[in-house]
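Worksheet: the structure to be examined is printed underneath.
The values are calculated or read from the model by the stated rules, or taken from the named source; none is laboratory data. What you see is a predicted model; the values in this text were computed from it and never measured. Glycine gets a Cβ as well: all are built from the backbone with ideal geometry, and neighbour counts include every protein chain shown.
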Amino acid sequence: MSRRANREKVFQVLFSADYYAPEEMGEQIRLFFADEEERFFEKKMEEAEEKGVKGAPEELILPASFAKSREEVTKRVESILPRIPELDKKLDEKIDGWDTTRIGRVELTVLRLALYEMLYDDEISEAVAINEAVEIAKKYGQEKSSEFINGVLAKFTA
């Protein structure tokens, strides 16, 4: 899987962090990937049916990229989760007239992920972290989410 696809998966799993106790997040990660694998197999079954194959195709195996993606996403999520209070504090310090309790869950999750990448991931430049955050905000956020995300994260580069 591409880095972008994995980043989006990290975002999707992190989104649930505000809705589950920290000790439940391991199970949430497992369920996330179980759903993804189920969708993969359903798609393969549909493709087989379209080709006229009756029953399950003989080779219905998950690609190795699924295991690698699961490992990378799990590692990243497990690195971010304990830092959420610290990330939120840093965001609260930079957001004028707002705090993290007033930010939408999509936007907050995007900000947490991007700020983590900016502060702790030496392999990702600030510009890439911001650009990817803006793209995720465009896909999952509201109309002005990407502008808000860009504005907040820009404060961390100055």
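Out of 78, 93, report the one residue that is in contact with a Gly (Cβ under 9 Å, 6 or more places away or on another chain) and of a type outside the set (Lys, Arg).
Details: 93 fails: in contact with a Gly (Cβ under 9 Å, 6 or more places away or on another chain).
None of the others qualify; the one that does is 78.
Closer than 30 Å to residue 144 by Cβ, in a helix (DSSP H, G or I) and among the basic types (Lys, Arg): is that true of residue 102 in this structure? Lay out the reasoning, then the answer.
Values: closer than 30 Å to residue 144 by Cβ: yes; in a helix (DSSP H, G or I): no; among the basic types (Lys, Arg): yes.
The answer is no for residue 102.
Considering only residues of the range 60-98 that are closer than 20 Å to residue 4 by Cβ and of a type in the set (A, V, I, L, M), which is surrounded by the fewest Cβ atoms within 10 Å (Cβ to Cβ)?
Taking the candidates together, the pick is 64.
Quick one: residue 123 ticks every box in (1) out of contact with any helix residue (DSSP H, G or I) (no Cβ under 6 Å at 6 or more places or on another chain); (2) farther than 20 Å from residue 15 by Cα; (3) touching a residue at least 40 places away in the same chain (Cβ under 8 Å); (4) not hydrophobic (A, V, I, L, M, F, W, C) except a single one, so which number is it?
(3)
Any idea which of (1) at pLDDT below 90; (2) in contact with a helix residue (DSSP H, G or I) (Cβ under 8 Å, 6 or more places away or on another chain); (3) not charged (D, E, K, R) is the one residue 65 doesn't satisfy?
Among (1) at pLDDT below 90; (2) in contact with a helix residue (DSSP H, G or I) (Cβ under 8 Å, 6 or more places away or on another chain); (3) not charged (D, E, K, R), residue 65 violates only (2).
Do you know which residues across the range 99-138 are surrounded by 14 or more Cβ atoms within 10 Å (Cβ to Cβ) and of a type in the set (Phe, Trp, Tyr)?
Scanning the range 99-138 gives a single hit, 116.
Just give me the residues in the range 1-27 being without any contact (Cβ under 8 Å) to a residue 12 or more places away in the chain and either polar (S, T, N, Q) or not in a helix (DSSP H, G or I) (or both), in sequence order.
2, 19, 20, 21
Cβ-Cβ distance below 8 Å, separation of 6 or more or different chains: which pairs start in the range 80-96 with a residue that is modelled with pLDDT of 95 or more and end on one that is among the aromatic types (Phe, Trp, Tyr) and assigned to a loop (DSSP other than H, G, I, E, B)?
Final answer for the pair search is 90/156.
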